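To start, the structure itself, in structure tokens.
The values are calculated or read from the model by the stated rules, or taken from the named source; none is laboratory data. Because the structure is a prediction, the values reported are computed rather than measured. Here Cβ is always computed from backbone atoms with ideal geometry, including for glycine, and neighbour counts include all displayed protein chains.
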Amino acid sequence: MTTLTIEIPDKSKDTLIELVELLGGKVVSVNADDKDLTPAGLDLIKRGLKEALLIKEGKVKATPISDL
């Protein structure tokens, strides 16, 4: 898959997100200044929580902070 970084007017954001999803794509991030929690934002939170749970269960190794 290809990742694009684009700038669009705020008023077009929801329409573009819907279009990307209709085309089979996935929005992986939205501008941090955006106060709305989009489906993409919720997805990122869900993935983070799942990863934290897997680390807690010992199924995935955590990355030490010094490696970041």
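State whether one or more residues within the range 21-34 are touching a helix residue (DSSP H, G or I) at 6+ places or on another chain (Cβ under 9 Å), in a helix (DSSP H, G or I) and modelled with pLDDT of 85 or more.
Yes, the range 21-34 has at least one match.
Cβ-Cβ below 6 Å, separation at least six or inter-chain, first residue in the range 57-68 and closer than 19 Å to Arg47 by Cα, second of a type in the set (A, V, I, L, M): which pairs?
Val60/Leu54; Ala62/Ile55
Within the range 36-60, which residues are among the basic types (Lys, Arg) and at pLDDT below 90?
Looking only at the range 36-60, we keep the residues that are among the basic types (Lys, Arg), and these are 46-47, 50, 56, 59.
Within the range 36-60, Lys46, Arg47 qualify.
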